[in-house]
1. What is the sum of charges around Lys138, taking Lys and Arg as +1, Asp and Glu as -1, for the other residues whose C-beta is under 14 Å from the C-beta of Lys138?
2. What is the order of Glu309, Glu345, fewest Cβ neighbours within 10 Å to most?
3. Straight-line reach from Lys124: which lysines have a Cα under 23 Å away, not including same-chain ones fewer than 8 places off?
4. In whole Å, what is the distance between the alpha-carbon centres of segment 298-349 and segment 130-170?
5. Can you give me the convex hull volume of the Cα atoms of segment 191-276, divided per residue and expressed in Å³?
6. Treating the beta-carbon of each Lys and Arg as +1 and of each Asp and Glu as -1, no other charges, what is the dipole magnitude of segment 91-219 about its Cα centre, to the nearest 20 debye?
7. Using helices alone, I'd like the mean residue ellipticity at 222 nm for the chain: each DSSP H run of four-plus residues gives -39500 (n - 2.57), total over residue count, nearest 500.
8. Once all Cα-Cα distances of the chain are split into 20 Å bins that start at 0, what whole-number percent is in each one?
Amino acid sequence: MFYWLFQAMGGGETYIPGLNLLNYTTFRAGMALFTALIIVVAMGSRFIRWMQAKQGKGQPIRTDGIQRHVLEKAGTPTMGGFMILAGLLIGSLLWMDLTNIHVWVVLLVTAGYGVLGFLDDYAKVTKQTTAGVSGKTKLVFQTLIAVGACVLLVLFGEPSTTPDLATSVTFPFFKDLILNLGWFYIAFAAFVIVGASNAVNMTDGLDGLAIVPVMIAGGALGMIAYLVGNTVSANYLVLHFVPGVGELAVVCAAIIGSGLGFLWYNAPPAKIFMGDTGSLALGGCLGAIAVCAKHELVLAIIGGLFVLEALSVMIQVAYFRMSGGKRIFLMAPIHHHFEKLGWPESTVVIRFWIVSVMLALAGLATLKLR
């Protein structure tokens, strides 16, 4: 909004000390991070007390899972994702270019998934059960939102210097290889967004486990978006230039800022959980950013921790059905498997953070290794 007002005033035609910094994406990204952080920290304590009063018993804990969780985490309020979304959306809207289609698509996906997650959390809390909105219902609405977002990108996104890039898939390590899927690209891109959303949702099972990898992935995607959206850096790194996508660095910075603010209250022992309100929204946000930046496959590397968590669930369920009740992991998602092996919760969380950093660096390495 500040950027848009600055441009309406004449932009950089007249030098105005301080205001001309709004022309720089990096400055606005830094301000978005700071704004989101302050918003979440400022609202945290009051919001948590309010949620404790409203939710009573807090988020239901699985009784068939880790028994220590039932004793230690019972009564902790959920829906902390509302704090994250408040910081993310306000921080982005204040500092982004309001005419940019990419940021609007990403924020609409984030907000839409946030509403869906809120309904799921609300059903769990009011009914005091771990079963909220049915999986099929969530999947249908997730798909509809993702398809709508992808259609908007294909129809109204700025044309690139690369022919048919809007409906094509790019490949890491191969600079000239793109695969034009035509309108089938909509289904592929929607799958990326929905998959990312559910993968982050499965990862959110321990204090601080999901939010830090989300920030790490957001930072890596923000760097990619900035480089891909800049003609000079895109040409130097032999990347496919995507006009306007550099503005997503502002959104990614807001993810980091709101995530840091939330971690202040979610650090062990957590005073509040993000719930599906946060996990579905943040996962969808990361997926949408990767789609906009045309780095859908690189997201699988950067967000490899989320992929691993999702695969562990799918493998566990499939093997359980095929073997007549046997399991590969002691418990899924895989972070619970390591808890069952005797790892302290803090050890699991910090080691998963380390893995997330390594995967993010590997994803960034693909920018040059082409």
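1. After counting each charged neighbour, the total is -1.
2. With the sparsest Cβ surroundings first, the list reads Glu345, Glu309.
3. Those lysines meeting the cut-off are Lys54, Lys57, Lys73, Lys136, Lys138, Lys271.
4. Between the Cα centre of segment 298-349 and that of segment 130-170, the gap is 27 Å.
5. So the per-residue Cα hull volume is 96 Å³.
6. Using only the charged Cβ atoms, the result is roughly 380 debye.
7. Details: 15 runs with 244 residues, N = 370.
Using -39500 (n - 2.57) per qualifying helix, the result is -22000 deg cm²/dmol.
8. Calculated over all Cα pairs of the chain, the distribution is 30, 57, 13, 0 percent.
Each value in this text was obtained by applying a stated rule to the coordinates, not by laboratory testing. Please read these numbers as outputs of a predicted model, since none were measured by experiment. Virtual Cβ from ideal backbone geometry, glycine too; neighbours counted across all protein chains shown.
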